[in-house]
Amino acid sequence: MAHFEKATSVHDWLNQRLAIEKFEKVMMSEYWIPKNINFLWAMGMVLAMTFAILLVSGIFLLMYYQPNVDLAFDSVNYTIMQEVGFGWLWRHVHAVAASVVFLIIYIHMFTGIYYGSYKKGREMIWISGMLLFVAFSAEAFSGYMLPWGQMSYWAGMVITNLFSLGSLELNGIVEWIRGDYVPAQAFLTRFFMLHVLLIPVAILALIAVHFYALRFPHVNNLDGEFFDYDEQAELYKSGNTRASKVIRFANDFLSKDMFVMSIFLIFFFYLVFWQYAFAMDPVNFDPADGLKTPAHIYPEWYFLWSYEILRPFSKDIGLIAFGFAQVIFFLLPFLDKSDNVAPASRRGPFKIWFWVMLVDMIVLTAMGKLPPEGIFSTIGLVAALVFIGLWVVLPFITKIEKKL
Amino acid sequence: MTKGRRGFMGKAFGAVAGVGAVASLYAMKRSWDPLPSVKAAGFTMVDLTAAEPNVLVVEKWRGKPVFILKKTPEMVAAQNEEQTARDIVVGNDHFLVCIGLCTHLGCIPAYRPDKHDFKCACHGGEFDASGIDTLLPPPSPMEIPPFKVDGTTLVLGEAGPEYEKMKSSGITV
């Protein structure tokens, strides 16, 4: 057993038992972050904070929400919105944060793609990040069911039908997922459970894995430069902070993060108080009705690109294309055959690949929102084919890339 | 000796844990199955004499909409064999009876009486008045639910001889 002495202070008492000084060093003051970064490196902490906002607003919604097909709609639209003091605030915060979190996730992802922060030791950061993306998608979908409006119901119908895997007609699986022939009480209660317990727990675990995955390869920098972190840390600790290429995570890096977060929060609360309507689909203010399909069923904006990859094809091919779109980003570190870790602007053909991919995903998103008619169908089909084509050419264009 | 005993203990532990894991997974799977009360959802009876020609009737069966359309004599006359094979004939009247869900992703197509067809708003699929898909993305005709004709009453949920015949000839799955 370790030797304990009479403590001289509360701090010392805790330090003897929990090694809080050592812990503080590992987690904060001696966790080293490169200096050569820009505001895009703050998106991780912006995401962590947005998740915290979702958690807190969700806790308050949970106290009045009723997961019952007869009561759910009114518990949200009447009880929470009109009776609960500041209930509207929690709902609008929750809805806007759920939407904005995907905007930040996409910025975070494309930052990683642009600077090559997914390879040469950083593969697990990328993969754990993609798992988080999947978990957030499942969390968003399950949450979208809960108000039990028309969009909730029909999105639930359409998405669970995907699991019949097209012509395989595996209706048994669909009925098993729903616990009924159609989305009904069993469906609502189990998605409620997933939304408030199982998926949030998975997200918390994945966030821990994601942060841990950063420890060994370290955070990438603007030039993709590799250097000896121990050496640079010694330089910093010896007082030569100017020459060192690293800074402390806290309070140095965190103070920059907090500045970006503040700007983000001003934008966020502007949306919450004045522009919340974009996150609240008007169709979902009609209660769920299994005998009336809304004129247009479309997902929230952040799923539109993959929805548009599903739409222009026949059922089975559409499903395969959709499945492809869901998993292909996981394989990015292995499909990029180049050794270069550098911004896309210095990587020749990859620079073109990056911008075409970004623009293509924006086009897919726009087309996904428009009705599937005439020229929009054609543009959607072309954009979907471009998306698939880009992944096919990626190994070839990165193979011939010049070594930097 | 010790090694053998440790190896045995390891295998024994693995076996017990494996049985426990499989049993737990089975219990979890069963807990997600549709409840008996859900499965025992009753039969739906429809009085066919009340139907008007070229007016779509939507009944609810196991939470799903069932389309019932009495065809006009002109519509029947214009049909080909494939379309007529899907009709339920009661007396001299021809009826379309099908589950009113698009076979693409389960939206409810809308009936257009002037065109005698169905249009799905979700992804633009179309079906003719016999429920046969005429425009992508739906891959197959709308399904015909198990039915039995009892005089002029249609019983949904019970498989009668007409339904069995359609099923064996591959008209519906």
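Quick note: the coordinates plus some simple rules give every number you see, no bench work behind them. These numbers come from a predicted model, not from an experiment. Neighbour counts are summed over all protein chains in view; Cβ atoms, including those assigned to glycine, are modelled from backbone coordinates with ideal geometry.
Cross-link partners among lysines for residue A:402, C-alpha distance below 19 Å, same-chain residues fewer than 8 apart left out?
Partners within reach: A:119, A:120, A:337, A:351.
Take the alpha carbon gyration tensor of chain A, find the square roots of its eigenvalues, order them as a ≥ b ≥ c, and report rounded if a/c is under 1.5; if not, report prolate when a/b exceeds b/c, else oblate.
The shape class here is oblate.
Take every DSSP beta bridge whose two residues both sit in the protein assembly as shown, then give the antiparallel share in percent to the nearest 5. All intermediate terms of the calculation are to be shown ahead of the outcome.
On the way: 34 of 35 bridges.
Of those bridges, close to 95 percent are antiparallel.
Rank-order A:253-266, B:123-136 by packing density, defined as the average count of other C-beta atoms within 10 Å over each peptide's residues, highest first. Don't jump to the answer; show the numbers that get you there.
Details: A:253-266: 15.6, B:123-136: 20.4.
Put in order of decreasing packing, that is B:123-136, A:253-266.
Which order, highest average first, do A:328-341, A:226-239 follow once you tally other Cβ atoms within 10 Å for each residue and take the mean per peptide?
Put in order of decreasing packing, that is A:328-341, A:226-239.
What are the ³J(HN,Hα) couplings of segment A:322-338, residue after residue, when phi is run through the Karplus curve with 6.51, -1.76, 1.60 and θ = phi - 60°? Round to Hz, x for glycine and proline.
5, x, 4, 4, 6, 9, 5, 5, 4, 8, 3, x, 9, 8, 7, 8, 7
With a cut-off of 8 Å between alpha carbons and a minimum separation of six or more residues, what is the relative contact order of chain B in percent?
On the way: 254 pairs, mean separation 29.2, N = 173.
Relative contact order of chain B: 17 percent.
Quick one: grab the alpha carbon gyration tensor of segment A:264-391, order the square roots of its eigenvalues as a ≥ b ≥ c, and give me rounded if a/c is under 1.5, else prolate or oblate depending on whether a/b is larger than b/c. Before the final figure, lay out the partial values.
Numbers: a/c = 2.37, a/b = 1.39, b/c = 1.71.
Oblate shape, in that a/c is at least 1.5 and b/c is the bigger or equal ratio.
Just want the answer: with Cβ charges of +1 for Lys and Arg and -1 for Asp and Glu, which residue in A:329, A:371, A:314 is farthest toward the dipole's positive end in segment A:269-404?
With unit charges placed on the Cβ atoms, the residue in question is A:329.
Over chain A, calculate the relative contact order: mean separation of alpha carbon pairs under 8 Å at least 6 apart, over the residue count, as a percent. List each step's numbers first, then the result.
On the way: 452 pairs, mean separation 92.5, N = 404.
Relative contact order of chain A: 23 percent.
If you take the square roots of the eigenvalues of the alpha-carbon gyration tensor of segment A:166-212 and sort them as a ≥ b ≥ c, do you get rounded (a/c under 1.5), prolate (a/b over b/c) or oblate?
Numbers: a/c = 5.64, a/b = 1.88, b/c = 3.00.
Oblate, because a/c is 1.5 or more while a/b does not exceed b/c.
So for segment B:1-144, if I pair up every lysine 8 or more residues apart or on another chain, how many of those pairs have alpha-carbons under 26 Å apart?
15
Taking a cut-off of 18 Å between Cα atoms, list the aspartates and glutamates near residue A:25, but don't count ones fewer than 8 places away on the same chain.
The qualifying aspartates and glutamates are A:12, A:230, A:231, A:234, A:252.
How do A:132-139, B:20-27, A:103-110, A:169-176 rank on mean C-beta neighbours within 10 Å, highest first? Intermediate results must be reported in sequence, preceding the final value.
Numbers: A:132-139: 19.2, B:20-27: 9.9, A:103-110: 17.1, A:169-176: 15.4.
Result, highest mean first: A:132-139, A:103-110, A:169-176, B:20-27.
Using only atoms on other chains, find how many Cβ atoms lie within 10 Å of each Cβ of peptide B:121-132 and report the average. Walk me through the numbers before you get to the answer.
On the way: counts 7, 11, 11, 6, 2, 0, 0, 0, 0, 0, 0, 0.
Shielding by partners across B:121-132 averages 3.
Taking Cα atoms, how many degrees apart are the long axis of helix A:43-62 and the longest axis of chain A, rounded to 10 and kept between 0 and 90?
So the inclination is approximately 50 degrees.
List the aspartates and glutamates whose Cα sits under 17 Å from the Cα of residue A:256, skipping any in the same chain fewer than 8 residues away.
Excluding near neighbours in sequence, the set is A:30.
Using θ = phi - 60° and the Karplus form 6.51 cos²θ - 1.76 cosθ + 1.60, what ³J(HN,Hα) does each residue of segment B:3-13 get, whole Hz, x for Gly and Pro?
These are the phi-based 3J(HN,Hα) values: 4, x, 5, 5, x, 5, 4, x, 5, 4, 4 Hz.
I'd like to know which of A:147, A:53, A:109 lies farthest towards the positive end of the charge dipole of the protein assembly as shown, counting +1 on Cβ of Lys and Arg and -1 on Cβ of Asp and Glu.
Comparing the listed Cα positions along the dipole, A:109 ranks first.
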